[in-house]
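The values are calculated or read from the model by the stated rules, or taken from the named source; none is laboratory data. Keep in mind the model is a prediction, meaning the values are calculated, not measured. Heads up, the Cβs are rebuilt from the backbone with ideal geometry, glycines too, and the neighbour counts pull from every protein chain shown. Surface accessibility is based on the protein's heavy atoms, side chains included, excluding ligands, DNA and RNA. Shrake-Rupley method; radii C 1.70, N 1.55, O 1.52, S 1.80 Å.
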Amino acid sequence: MTYAPATRVVHDADSHIMELPDFLKKYADPELRDEIPEVSYAASIVTDEEVAAIMGQGGRHSPEHVAAQIALGDRLIEASKEIQALGAFDSADRSTALDLLGFSKQLVFATHSVALPFSASSKVEPRLRYGAARAHNRHMAEFCRADDRLIGVAVVPLDDPDLAMAELEFALSEGLGAAWVPHRPCGDRSPGHVDLDPFWARLAESGTPFVLHVGGAPLQVARAWMNNGRAPTKDWLGGGENLRTKDIALLHEGPEAFITMLVLDGVLERHPALRGASVELGAGWVPELLRRLDWVVKHWSRNDANLQALKRTPSQQISEQLAFTPFVFEEVGKLIDQSNPDLYLFSSDYPHIEGGRNPIGRFETALGDRDEAVRDKFYTQNFLRIFAAAGAPAPRAPATAEA
């Protein structure tokens, strides 16, 4: 048996690699390797001892550990988590994990290796920012190459439009199926700046979606918001570097602002074939976003010539071109009722603990008595609308950097 029911096709819009320390260094251009940092697990529940044990085994799980994970069968998603999960960093093991999970397609994101390429600091040199992105994209392409069910997600910083375009072309040549862009200002530009229009046009022309994902912008709110004269608040993992109460309450602001700029700057209007998804950033904010942008355009277009070029309402643009993954604890059925069933995607977040022990079960409860057509869109059809061209077989050429 598989975790996903055999009677339903399930496409997973969110899963992760748990990178080993050399994830970037091993695939970086030789002249950059000494400057590319090792991957850090400081903001996670993974311990240095766990990582050291895995590295001491040659960067793999022991055969006994793998066998124990496989023996979990359809309970894999319940008990196989973080760096100890089956297929956390080994691509052959990930294929076995997919056999047990029963997902037909699965987007694969990085976890910790995007800190350098997506850094919000203007002090990061472009050669290091984009050199780290190139290393990531080489490694991600290799991880997903052998299994057409795995859709590798490239990272493409937008701080430098020319370098972003070059990295996108590399990602496309490697068969990566989506481009993760940071949901923050693009250096000193809006994502709708004319300098970035060729980037969005190339995505649309190639049928490659862009994605936003948690980690694509700073996780924590400005320090001043935390200064309330009381003891510091711990994050949800018990430390201080991950999401705290105020951070999760405002997590939607970044992706909401980014998507707002794409609409109001006319990116979605100019490129109707462009597709995108907001992943692991919640979806409870989406119905109100549609309502607000519609009335903003309706009333402010009297004075804003940019808005007068829009032929479709923002809600139409977003419903046709974008989709969103709700958190497992959000009431996706109610969100559908408040907006429409075309907007939402199933995601497991495998092997992260945030995805829960039974995401299908929880989403089924939230969908309640809504009909099969609504469920089919949530688990399958909305994914295919956004990632229609993302499941093509990847090139077979090796993705490693030259020694």
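At a glance:
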{"item": "Residue 338-residue 122 FRET efficiency (beta carbon distance; Förster radius 35 Å; 0.05 resolution)", "result": "0.35"}
{"item": "Ordering of 359-368, 9-18 by packing [mean C-beta count within 10 Å, highest first]", "result": "9-18, 359-368"}
{"item": "For the stretch 172-217, diffusion coefficient by Stokes-Einstein and Kirkwood Rh (Cα), 37 °C, 0.692 mPa s, µm²/s", "result": "285 µm²/s"}
{"item": "Evaluated over the stretch 114-169, the Cα radius of gyration and Dmax, each in Å", "result": "12.0, 38"}
{"item": "Positive-end residue of 295, 325, 374, charge dipole of the stretch 279-390 with Cβ unit charges", "result": "295"}
{"item": "Ellipsoid semi-axes in whole angstrom, largest first, where each is sqrt(5λ) of the Cα gyration tensor of the stretch 1-96", "result": "28, 16, 12"}
{"item": "Cα extents of the stretch 1-41 along the three principal axes, largest first (Å)", "result": "51, 20, 16"}
{"item": "log₁₀ of I(q)/I(0) at q = 0.17, 0.19, 0.23, 0.27 Å⁻¹ - the stretch 205-268, Debye sum with one point per alpha carbon", "result": "-0.70, -0.80, -1.01, -1.22"}
{"item": "Compactness index (Cα Rg / 2.2 N^0.38 Å), the stretch 25-161", "result": "1.14"}
{"item": "Candidates per trypsin sites (Lys or Arg not before Pro) in the stretch 94-139, loop by DSSP, up to 14 other Cβ within 10 Å", "result": "123"}
{"item": "Where labels lie 7 Å past Cα in the beta-carbon direction, separation of residue 148 and residue 33 in nm", "result": "3.5 nm"}
{"item": "Ellipticity estimate at 222 nm from DSSP helix runs (n ≥ 4, -39,500 (n - 2.57)) divided over the chain, nearest 500", "result": "-10000 deg cm²/dmol"}
{"item": "Shape metrics for the stretch 264-403, restricted to C-alpha atoms - Rg then Dmax, Å", "result": "17.9, 59"}
{"item": "Chain lengthening between residue 354 and residue 373 when straightened (0.36 nm per residue, less Cα-Cα)", "result": "4.1 nm"}
{"item": "Computed Kirkwood radius, in angstrom, where 1/r is averaged over Cα pairs of the stretch 337-379", "result": "11.3 Å"}
{"item": "Point-charge dipole on Cβ atoms (K/R +1, D/E -1) for the chain, about Cα centre, debye to 20", "result": "800 debye"}
{"item": "Accessible area of the chain divided out per residue, in Å², using a probe of 1.4 angstrom", "result": "43 Å²"}
{"item": "Relative packing of 290-297, 275-282, 144-151, 44-51, which averages over residues the other C-beta atoms within 10 Å, highest first", "result": "275-282, 144-151, 290-297, 44-51"}
{"item": "31 Å Cα-Cα threshold exceeded, pairs from 81/123; 26/81; 246/311; 81/246; 123/298", "result": "81/123; 246/311; 123/298"}
{"item": "Bins of 10 Å, starting at 0 and running to the largest distance - Cα pair percent for the chain", "result": "5, 23, 34, 27, 10, 2, 0"}
{"item": "Residue 257 versus residue 68: modelled label distance in nm, points set 7 Å from Cα along the beta carbon direction", "result": "4.5 nm"}
{"item": "Fraction of accessible area attributable to carbon and sulfur, the chain (%, probe 1.4 Å)", "result": "54 percent"}
{"item": "In Å, descending, principal axis extents of the Cα set of the stretch 111-256", "result": "52, 37, 27"}
